[in-house]
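K.L.:
Have a look at the structure that comes next, please.
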Amino acid sequence: MDACDSSDDDSPYELSVFVDEAEDDPGAVKLHLDDSARKNIVDAVRCTLQRHNRPTAAISIRIVTDDTIAELHERTMNIPGPTDVLTFDLSDEHNETLGSEYQSVEGDIVISIDTAAREADIRGHELVHELMLYAIHATLHLLDFDDLDESDAARMHAEEDAILESLGVGAVYGRPAS
């Protein structure tokens, strides 16, 4: 599939983007995404699911600050400090016995807008494109992609950029820093 259907009509996917209320940190990136940015993030997740022939999905995407993701990172993975994105697979065990064409994808994705803003600035592209990259990355984790070794990471990043290409954004991960 070269292009993705961004239509919301009769979608088998329940996808939502939530933005945490701004914390009392004057240096934090403003936690505000307009409707267009939210739609682009949802379209990126939808495209990923379509390319991998998943029939249904329920995925919640939460946009937070570095402080919030650092707390979650330490609490859930025992790793101090912020990270770019965390993925929580909420699919039930019964799902694993089905072929992938029947498996529903269920999960929560948490993205640091502060980290995304820094990386977008370094790489010279729009913040929403970095957020889309993180949403695709997390969705691929929910689809059992991994990036623990070099060859798996290369495969995953190539798929991320292919999805962003199909959405008309172009490569984001593979784009060199400015």
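The values are calculated or read from the model by the stated rules, or taken from the named source; none is laboratory data. What you are looking at is a predicted structure, and each value in this text was computed from that prediction instead of being measured. When we count neighbours, we look across all protein chains shown, and the Cβ atoms used for this are built from the backbone with ideal geometry, even at glycine.
K.L.:
Here are some residues: Ala171, Ala117. Which one is more than 21 Å from Arg46 (Cβ to Cβ) and at pLDDT below 95?
P.N.:
None of the others qualify; the one that does is Ala117.
K.L.:
Looking at the range 122-178, which of its residues are among the small types (Gly, Ala, Ser), assigned to a helix (DSSP H, G or I) and more than 19 Å from Ala57 (Cα to Cα)?
P.N.:
Pass one, the range 122-178, residues among the small types (Gly, Ala, Ser): 124, 135, 138, 151, 153-154, 158, 162, 166, 168, 170-171, 174, 177-178.
Restricting the remaining residues to those that are assigned to a helix (DSSP H, G or I) gives 135, 138, 151, 153-154, 158, 162, 166.
Hits for the range 122-178 are Ser151, Ala153, Ala154, Ala158, Ala162, Ser166.
K.L.:
So which residues in the range 75-89 are in contact with an Asp or Glu (Cβ under 6 Å, 6 or more places away or on another chain) and without any contact (Cβ under 8 Å) to a residue 24 or more places away in the chain?
P.N.:
Pro80, Phe88
K.L.:
Being charged (D, E, K, R), out of contact with any helix residue (DSSP H, G or I) (no Cβ under 7 Å at 6 or more places or on another chain) and over 17 Å from His137 (Cα atoms) is the filter here; which residues of the range 55-94 pass it?
P.N.:
Answer for the range 55-94, where residues must be charged (D, E, K, R), out of contact with any helix residue (DSSP H, G or I) (no Cβ under 7 Å at 6 or more places or on another chain) and over 17 Å from His137 (Cα atoms): Asp67, Glu71, Glu74, Arg75, Asp92, Glu93.
K.L.:
The conditions are (1) modelled with pLDDT of 90 or more; (2) closer than 20 Å to Leu131 by Cα; (3) surrounded by fewer than 19 Cβ atoms within 10 Å (Cβ to Cβ), and Gly27 fails exactly one of them. Which is it?
P.N.:
Every condition holds for Gly27 apart from (1).
K.L.:
While we're on this one: Just the residues that are under 17 Å from Thr48 (Cβ atoms) and hydrophobic (A, V, I, L, M, F, W, C), please, taken from the range 117-145.
P.N.:
Val128, Leu131, Met132, Leu133, Ala135, Ile136, Ala138, Leu140, Leu142, Leu143, Phe145, listed by residue number.
K.L.:
It is to be established whether one or more residues within the range 149-163 are without any contact (Cβ under 8 Å) to a residue 60 or more places away in the chain, buried (at least 16 other Cβ atoms within 10 Å of the Cβ) and touching a strand residue (DSSP E or B) at 6+ places or on another chain (Cβ under 7 Å).
P.N.:
No, because not a single residue in the range 149-163 is without any contact (Cβ under 8 Å) to a residue 60 or more places away in the chain, buried (at least 16 other Cβ atoms within 10 Å of the Cβ) and touching a strand residue (DSSP E or B) at 6+ places or on another chain (Cβ under 7 Å).
K.L.:
Please go through the range 40-92 and pick out each residue that is of a type in the set (S, T, N, Q) and either over 11 Å from the mean Cα position of the chain (by Cα) or closer than 17 Å to Tyr13 by Cα (or both).
P.N.:
Matches in the range 40-92: Asn40, Thr48, Gln50, Asn53, Thr56, Ser60, Thr65, Thr68, Thr76, Asn78, Thr83, Ser91.
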